[in-house]
Structures are given as C-alpha cells and as structure tokens.
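S.K.: Below: one structure in structure tokens.
The values are calculated or read from the model by the stated rules, or taken from the named source; none is laboratory data. A quick note: this is a predicted structure, and the numbers were derived from the prediction, not measured. A quick note on method: Cβ atoms are made from the backbone with ideal geometry, for glycine too, and the neighbour counts reach across all protein chains shown.
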Amino acid sequence: MSPGPLAVRSIVLDSTDIRTLAEFYRHLLDLTYRSGDEPPPPGEPDPQGTDWLVLRGGDGGAQLAFQRVDVLPAATWPEGRVPQQLHLDLTVATIADLDAHHDRALALGARLLLDRHDDPDEPLYVYADPAGHPFCIFVADPLTT
C-alpha cells in the first residue's frame, strides 16, 4: 500500500530579523498573518517576532514562514560565493504589472540584482529581499508556468 500524497505546507525563510522580513513579504504579496502572529502596536514588545512567524494567502495554498537565526550571510548571487539555496519565482501577466511590482518591490526595501525587463522572451527582474534572499518577478505565459 502506498502512502498518501505529500503537500507543501510552508516555504520557510531564515532571517536575523523575522518581523522585518515578514512585513516585506506581507506587503509585497498581500498576505495575512496567522492568528496570533500579527505585529504588536508601535512601541510594544514583540514576543512573537523573536522566533517564528507565518503568513498565509487567501487561497489556502502553501504559507510563507520565517524562522529566526543568529547569523545569515546574504546570498552573493550570481557570483556564488554564498549560494542562494532557494529563491522564490513570482509571476505577473503583463509588462505593466511587472513595472508596477518592480516599483513596489524597491519601495518596500528590495535590492535590484538583475534587470532583464526588456528581454523579449521572458521579461524579468531579480532582487534580494531585506535579508538577502534572491527572488524573481517575471512575466510568464500562463500556459508554460
């Protein structure tokens, strides 16, 4: 008898400051905190933000989680001295969407690593999030992604 299927529950990102990283992705991806993980009012202690936080989407799919670590060298992609180990691919439907999300990502604190927005086959940007994890935003043909 074979076991039941596996399902991806969470994609977990390490960070030395999980609240800052969670807030970045909460705004970028329009996600919400798991009940109890919400940030406290300004100036209040943040006991939840010291170890583990979870963000969820409205579709019930995989959640994005954040785990605190003491040290995290930022990936040096594309040089490779410190490998990226994992990255998120985020897609949009149009060039206009790509441009709008590019501006949002930068305003939220992303750092641009590669600009291929004018690539005729696959327009894209590669960024580092505030913790240094690379991620991509690109225009994808819904039939091939």
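S.K.: Restrict the check to the stretch 42-64 and report whether at least one residue is out of contact with any Asp or Glu (no Cβ under 7 Å at 6 or more places or on another chain), surrounded by fewer than 16 Cβ atoms within 10 Å (Cβ to Cβ), among the polar types (S, T, N, Q) and more than 22 Å from residue 134 (Cβ to Cβ).
M.R.: Taking every residue of the stretch 42-64 in turn, at least one turns out to be out of contact with any Asp or Glu (no Cβ under 7 Å at 6 or more places or on another chain), surrounded by fewer than 16 Cβ atoms within 10 Å (Cβ to Cβ), among the polar types (S, T, N, Q) and more than 22 Å from residue 134 (Cβ to Cβ).
S.K.: Does residue 129 count as in contact (Cβ under 8 Å) with a residue 12 or more places away in the chain, of a type in the set (Asp, Glu), closer than 18 Å to residue 12 by Cα and surrounded by 12 or more Cβ atoms within 10 Å (Cβ to Cβ)?
M.R.: When the stated conditions are applied, residue 129 passes them.
S.K.: Just to be sure I understand the filter: pairs with C-beta atoms under 7 Å, separated by 6 or more residues or on different chains, first member in the stretch 66-90 and closer than 26 Å to residue 31 by Cβ and touching a residue at least 24 places away in the same chain (Cβ under 8 Å), second member of a type in the set (Asp, Glu) and surrounded by 13 or more Cβ atoms within 10 Å (Cβ to Cβ). Which pairs pass?
M.R.: From residues that are closer than 26 Å to residue 31 by Cβ and touching a residue at least 24 places away in the same chain (Cβ under 8 Å), the pairs are 67/14; 69/14; 72/14.
S.K.: Does the stretch 113-126 contain any residue that is closer than 22 Å to residue 65 by Cα, among the aliphatic types (A, V, I, L, M) and either assigned by TED's automatic domain parsing to the domain that holds residue 62 or out of contact with any helix residue (DSSP H, G or I) (no Cβ under 9 Å at 6 or more places or on another chain) (or both)?
M.R.: yes
S.K.: Given the conditions (1) surrounded by 14 or more Cβ atoms within 10 Å (Cβ to Cβ); (2) out of contact with any Ser or Thr (no Cβ under 8 Å at 6 or more places or on another chain); (3) modelled with pLDDT under 95, which single one is not true for residue 72?
M.R.: Looking at each condition in turn, residue 72 falls short on (2).
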